[in-house]
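Data block below; observations after.
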Amino acid sequence: MPPINEILSDADIVIALATSSAMRKDVIHRIGELHSAGYSGIIISINEPSSIMKKSLEKQSINSQNLFFIDCITGMATGQKKDESATIYVASPGQLTNIGIALTKAMTSMKDRERLYLLVDSVNTMFVYNEPDQIIRFLHMLINKVRLNSAKGLLFSVKNAIDPIISTQIETFADMVIHQGEEGA
Amino acid sequence: MKELSDTPAIESIQEKLDKKTKEVQELSIELEKTNEGLIALYTELDDANRKLEESNRKLQEEEKKLLAYLFETVNKTKNPVLNIYRNLALLEEMAVMEDCSPEDVKAIIDVIKANARMISDNITELNKVALDGSDKVLGHYRDFLTE
């Protein structure tokens, strides 16, 4: 599997398909690679609370200072939390408008960063909370926002966890689809 | 003299010709009726074929809708199960490494609980849809399946 820096030199928007069991580690690994390549990132966490993700990153000696979290799961699991300086809590992954607003705020606060990326930790989980049409429209908006801000986008999803027709539609938004854990992908 | 003797022959031929012409006319009318019958039959067949195609198309559309619904429902149950699995693995990893604060454990368990609740809600919703319009399930079983 080529390093993320190499992948992003050919593509602005990448969909990364991973197995369910390896996805968490793949996400952390890719954030680490992007950190080493000098990128700052906005992480939309749908699967894992940002506090746990930050801790996993710390263990890998990855500084969270260059990261902005839009945490969509903590609020749903534990009740609404107050936003922190680099973390916005959205009450549920179903609140796409609020995620969009949080993304605008995050991009504003990160606008002076030279190399910026947006990472969604699980596109397939979004389908649990929203209708497919809504998610397709949302992802289209999200990707356009990333492109307009000259940033990079990395969207993680579990393999075969989305309706194949919808999956094809989403893939048309991206420049590249990579299969995590496969040689030569 | 010869002309006179030929007259009956001509009359006979004319008579035969008239008879044949009449037969041809009758056959033509019959053929025309057969053609009309055939056209009506073809029209009827066309109509039946069109109705069959329309019915097949509707059936295929229904099948597609059912498949999409099943996929979505299965997905809405499968994804939280995968999420629970991932979070339990994370919890195990953190426990083995003795690297978890009570807040971390609480946060992970809360996510697991939220996903478990979601599975329960989705199954209840699926049961409601499956039982909708069915009068074969007794009231108390219906309550058990949908509440």
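The values are calculated or read from the model by the stated rules, or taken from the named source; none is laboratory data. Keep in mind that what you see is a predicted model, and the values were worked out from it rather than measured. All Cβ positions, even for glycine, are placed from backbone atoms using ideal geometry, and neighbour counts span all protein chains on display.
Of everything in segment A:41-52, what is within 11 Å of another protein chain (Cβ to nearest Cβ) and part of a strand (DSSP E or B)? Give them in sequence order. A:Ser45, the sole residue that qualifies. The condition (being hydrophobic (A, V, I, L, M, F, W, C) and crowded, with 22+ Cβ neighbours inside 10 Å) is satisfied by just one residue among A:Met141, A:Met126, A:Met110, A:Met176: A:Met126. Take the conditions over 13 Å from the mean Cα position of the chain (by Cα) and among the aliphatic types (A, V, I, L, M) and apply them to A:Ala22. Does it pass? In short, yes. Screening B:Lys76, B:Lys64, B:Lys128, B:Lys113 for residues that are assigned to a helix (DSSP H, G or I) and either β-branched (Val, Ile, Thr) or away from chain A (no Cβ under 14 Å) (or both) leaves exactly one candidate, B:Lys128. When B:Glu3, B:Glu32 are checked against the criterion of being in a helix (DSSP H, G or I), more than 30 Å from A:Ser20 (Cβ to Cβ), modelled with pLDDT of 90 or more and not basic (Lys, Arg), a single residue qualifies: B:Glu32. A:Lys81: modelled with pLDDT under 95, more than 14 Å from chain B (Cβ to nearest Cβ) and over 17 Å from A:Val177 (Cα atoms), yes or no? Judged against the criteria, A:Lys81 is not a match. Filtering B:Glu98, B:Glu92 for residues that are closer than 25 Å to A:Glu58 by Cβ, away from chain A (no Cβ under 11 Å), surrounded by 10 or more Cβ atoms within 10 Å (Cβ to Cβ) and charged (D, E, K, R) leaves a single hit, B:Glu92. Looking across segment A:49-103 at every residue that is of a type in the set (A, V, I, L, M, F, W, C) and over 22 Å from A:Ala151 (Cβ atoms), the one that is surrounded by the fewest Cβ atoms within 10 Å (Cβ to Cβ) is identified as A:Ala91. Screening segment A:53-78 for residues that are hydrophobic (A, V, I, L, M, F, W, C) and closer than 17 Å to A:Lys105 by Cβ and picking the one that is nearest to the other protein chains (Cβ to nearest Cβ) gives A:Cys72.
Picking from residues in segment A:144-166 that are within 14 Å of chain B (Cβ to nearest Cβ) and in contact with a Phe, Trp or Tyr (Cβ under 7 Å, 6 or more places away or on another chain), the one that is surrounded by the fewest Cβ atoms within 10 Å (Cβ to Cβ) is A:Asp163. Summed over segment A:80-103, residues that are free of Cβ contacts under 8 Å to residues at least 40 places away in the same chain and part of a loop (DSSP other than H, G, I, E, B) total 11.
Among the residues of segment A:29-40, write down those that are surrounded by 18 or more Cβ atoms within 10 Å (Cβ to Cβ) and in a helix (DSSP H, G or I).
Filtering segment A:29-40 for residues surrounded by 18 or more Cβ atoms within 10 Å (Cβ to Cβ) gives A:30-31, A:34-35, A:39-40.
Across segment A:29-40, the qualifying residues are A:Arg30, A:Ile31, A:Leu34, A:His35.
With respect to being out of contact with any strand residue (DSSP E or B) (no Cβ under 6 Å at 6 or more places or on another chain), of a type in the set (Lys, Arg), closer than 30 Å to B:Ile123 by Cβ and surrounded by 10 or more Cβ atoms within 10 Å (Cβ to Cβ), B:Lys20 falls outside the description.
Has segment B:120-133 got any residue that is surrounded by 14 or more Cβ atoms within 10 Å (Cβ to Cβ), modelled with pLDDT of 80 or more and among the aliphatic types (A, V, I, L, M)? Yes, segment B:120-133 contains a residue that is surrounded by 14 or more Cβ atoms within 10 Å (Cβ to Cβ), modelled with pLDDT of 80 or more and among the aliphatic types (A, V, I, L, M).
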